[in-house]
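The values are calculated or read from the model by the stated rules, or taken from the named source; none is laboratory data. Note that the coordinates shown come from a computational prediction; the quantities given were computed from them, not determined experimentally. With ideal geometry, Cβ positions are generated from the backbone for all residues, glycine too; neighbour counts draw on all protein chains shown. Just the protein is used for accessible areas: all its heavy atoms, side chains included, with ligands, DNA and RNA removed. Shrake-Rupley method; radii C 1.70, N 1.55, O 1.52, S 1.80 Å.
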Amino acid sequence: MALRHKVSAVLATTTLLSALPAQATLGVFEHGAGIRAQGRGGVTYTMAPETTAIGLNPALLSEMGNRYDIGLNVLRPRSTVWIKDNALGEDSKHFSDRSLYLFIPQGGWAKQLNEHYSIGVTMQSAGIGPDYDESPYARLGATSPMKMKMTSTALSLVSSYHSNTGHSFGAALNLGYQKLKVEGLQFLAPYSTSPNHVSNAGSDGSRTLGFSVGWHGELAPGVTAGIGYRSKNWTEKHKKYKGLLADGGSLELPAIWGGALAWQATDTLQFGFEYQKQEYSKIDAFEYGLDKLTEEGKLMGSKNGPGFAFKDMRALKFGATWKASETLELSAGYIRSNQVNRSGETLFSMLAPVTLDNQYTLGLVRKFSKWSFSAYYLFTPGTTIYGNNSIPDSFGGGEVDVKYKVKTAGISFGRSF
């Protein structure tokens, strides 16, 4: 078997194991990297002692020593769609699969080579996956349930350097595999550059490539900081869906960057603050909306053609950790972000409702000798995107409102060695 096919096979297996159909809580990504970070409001660039955090800030690897972590996230996403005042049918309400539970494994490994250098590996996952048994697009000609599953997973190969001055620097190569499967959008074929490559083409896989860099250090006694940049995923085009996605099947995930501060207020109490941005406006599949078709006549699948029309995501995260004893830590957090989905694009946003405006988290860590057990729970009131001129007159006019809500929890086990 050729080397490239071996690499593809390994990455494809990784995708099956670590990125079952996912539904994100912050953009197309999870709200933090690792169970501990997710319990303290997603604050990751500093204040995150699990190896799963090095995917966002590889410099944290220098703080890990020798350890490994393995964990599991469980998500229950729910999307609700209301279609109102549309000339092609009566007002209607549609639900995504309300019995759907998604399981996302995660893990990482770190090895300190000497006082300066460390190496490690971790997994990154992202995805979207709405599933409507009764298609919201039935009035537009859809004759079957509407489903879209996109999963993207990468293995981050990480190295870091810890200087004599106490600052750490890290870099990672992100090798990944992405899968896409779309059903129930055949009605869009007349509006496509490639009518036979819009929907129901089966699962399509593509290799991805990216990199991450980061820094971590102490700014003052008790105050640490971290910054990180993860490049976009350069991704092979999904040729089976070249008539649906802009630029002949392009679906790349955006760059992510951000920074965090942590303050050790007392021996037992620590606070963290983080800012993060995801740059969707620079990605072909997310940059433009349906107006490219209805106003400019650009067909789906064309260069600069119609897409999801996401805004850049900006999030503020707050976290606190209380060391209740030598073996027990409790944490809590809050996340506030802008809405990625545009109110004028909700006709297609029902395919990818991804951002929750307000999220609240609780977490705990229980230590047993060299082992640790971590758990978290995230709850949210949900977010409703109210349509504003969201259905073009050529599709009967009216509005689409979309509500997105998620329940999610996770556990992990870690061990120092």
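Quick look at the values:
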| quantity | calculated |
| --- | --- |
| Qualifying residue in the range 84-102 (condition: buried (at least 19 other Cβ atoms within 10 Å of the Cβ) and touching a helix residue (DSSP H, G or I) at 6+ places or on another chain (Cβ under 6 Å)) | no |
| Residue match in the range 193-204 (condition: of a type in the set (Val, Ile, Thr) and touching a strand residue (DSSP E or B) at 6+ places or on another chain (Cβ under 6 Å)) | yes |
| Test: residue 213 is β-branched (Val, Ile, Thr) and under 18 Å from residue 49 (Cα atoms) | yes |
| Residue list for the range 109-144, filter: more than 25 Å from the chain's Cα centre (by Cα), in contact (Cβ under 8 Å) with a residue 24 or more places away in the chain and open to solvent by 30 Å² or more (accessible area, probe 1.4 Å) | 111, 112, 115, 116, 117, 134, 138, 139, 140, 141, 143, 144 |
| In the range 326-356, the residues that are among the acidic types (Asp, Glu) and under 24 Å from residue 372 (Cα atoms) | 326, 329 |
| Residues that are open to solvent by 90 Å² or more (accessible area, probe 1.4 Å) and in contact with a strand residue (DSSP E or B) (Cβ under 8 Å, 6 or more places away or on another chain), drawn from the range 367-387 | 370, 371, 377, 386 |
| Residue list for the range 388-402, restricted to those being open to solvent by less than 70 Å² (accessible area, probe 1.4 Å) and not hydroxyl-bearing (Ser, Thr, Tyr) | 391, 392, 395, 396, 397, 398, 399, 400, 401, 402 |
| Checklist (1) crowded, with 21+ Cβ neighbours inside 10 Å; (2) more than 27 Å from the chain's Cα centre (by Cα) applied to residue 153, failing item | (2) |
| Lone qualifier among 281, 343, 337, 302 - being hydroxyl-bearing (Ser, Thr, Tyr) and under 26 Å from residue 73 (Cα atoms) | 337 |
| Conditions (1) open to solvent by 20 Å² or more (accessible area, probe 1.4 Å); (2) among the hydroxyl-bearing types (Ser, Thr, Tyr); (3) in a strand (DSSP E or B): number failed by residue 266 | (3) |
| Condition check for residue 79: of a type in the set (Ser, Thr, Tyr), under 30 Å from residue 172 (Cβ atoms) and either crowded, with 24+ Cβ neighbours inside 10 Å or over 17 Å from the mean Cα position of the chain (by Cα) (or both) | no |
| Number of the exception - residue 295 against (1) charged (D, E, K, R); (2) surrounded by fewer than 15 Cβ atoms within 10 Å (Cβ to Cβ); (3) more than 30 Å from residue 195 (Cβ to Cβ) | (3) |
| Exclusive hit being free of Cβ contacts under 8 Å to residues at least 24 places away in the same chain and over 30 Å from residue 318 (Cβ atoms), set 221, 195, 190 | 190 |
| Test for residue 355: is it surrounded by 19 or more Cβ atoms within 10 Å (Cβ to Cβ), within 30 Å of residue 297 (Cα to Cα), modelled with pLDDT under 85 and touching a Leu at 6+ places or on another chain (Cβ under 7 Å) | yes |
| Any hit, the range 164-174, residues being open to solvent by 80 Å² or more (accessible area, probe 1.4 Å), in contact with a Pro (Cβ under 9 Å, 6 or more places away or on another chain) and not in a loop (DSSP other than H, G, I, E, B) | yes |
| Conditions (1) touching a Leu at 6+ places or on another chain (Cβ under 7 Å); (2) within 16 Å of residue 127 (Cβ to Cβ): number failed by residue 228 | (2) |
| Where residue 182 falls short, out of the listed (1) open to solvent by less than 60 Å² (accessible area, probe 1.4 Å); (2) outside any strand (DSSP E or B) | (2) |
| Pairs, first under 18 Å from residue 41 (Cβ atoms) and open to solvent by 70 Å² or more (accessible area, probe 1.4 Å) in the range 313-341, second assigned to a loop (DSSP other than H, G, I, E, B) and of a type in the set (A, V, I, L, M), C-beta under 9 Å, six or more apart | 318/43 |
| Options 202, 226; residue that is out of contact with any Lys or Arg (no Cβ under 9 Å at 6 or more places or on another chain) and either outside any loop (DSSP other than H, G, I, E, B) or open to solvent by less than 50 Å² (accessible area, probe 1.4 Å) (or both) | 226 |
| Complete set of residues in the range 22-73 that are touching a His at 6+ places or on another chain (Cβ under 7 Å) and of a type in the set (Ser, Thr, Tyr) | 25, 46, 62 |
